[in-house]
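What follows draws every value from the coordinates through simple rules; no lab data is involved. Every value quoted in this text rests on a predicted model; they were computed, and no experiment measured them. Ideal geometry is used to build each Cβ from the backbone, glycine not excepted, and the neighbour counts take in all protein chains shown.
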Amino acid sequence: MKKSYTPEAIVRILQEAHSQLASGVSVRELAKQLGVNAGTLCRWLRRYGGLEISEAKKLVMLEKENSRLKRIVAELELDKSILKEALKGKY
């Protein structure tokens, strides 16, 4: 069963795991201790490494806003395209 982690939980896990990584524990061993895939842990480290919990919350909020704005732009581009086609037919 796939377990879903919130960004806040991931940051907490990484903060606790940072000392183990610094002491020489391999990513693979650490991932096994945490019960996650080594690839998942590497992805978490790339994305959330060095972030504070408040920064992770803000990152998620900004990503949601960005996807909402991209969707709006795509809809407007579609509307613009439809209007251009309609104008071509009139003249």
## Note on the structure
the chain, Gaussian network, Cα under 10 Å: of 76, 14, 51, the residue fluctuating most is 76
### Task
Tell me what the chain gives for mean residue ellipticity at 222 nm when only DSSP H runs of n ≥ 4 count, each as -39,500 (n - 2.57), the sum divided by the residue total, rounded to 500 deg cm²/dmol.
-27000 deg cm²/dmol
### Point-charge dipole on Cβ atoms (K/R +1, D/E -1) for the stretch 17-91, about Cα centre, debye to 20
220 debye
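On full extension of the chain, what length is gained from residue 25 through residue 6, given 0.36 nm per residue of separation minus the C-alpha to C-alpha distance? Mind dumping the intermediate values first?
On the way: separation 19, 0.36 × 19 = 6.84 nm, distance 2.44 nm.
The span from residue 25 to residue 6 would gain 4.4 nm if fully extended.
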### Task
Filter the chymotrypsin sites (Phe, Trp or Tyr not before Pro) in the stretch 3-73 down to the DSSP loop ones having no more than 16 other Cβ atoms within 10 Å, then list what survives.
5
### Query
Once label points are set 7 Å from the Cα along Cα→Cβ at both residue 69 and residue 84, what is their separation, rounded to one decimal in nm?
2.3 nm
### Query
What pairs from 3/58; 57/84; 3/57; 3/64 go past 30 Å between their alpha carbons?
57/84
### Query
Ignoring the sites themselves, what is the longest stretch of the chain with no trypsin sites (Lys or Arg not before Pro) in a DSSP loop and at most 12 other beta-carbon atoms within 10 Å?
4-91
#### Entry: Cβ-derived FRET efficiency at R0 22 Å, residue 16 paired with residue 60, nearest 0.05
0.65
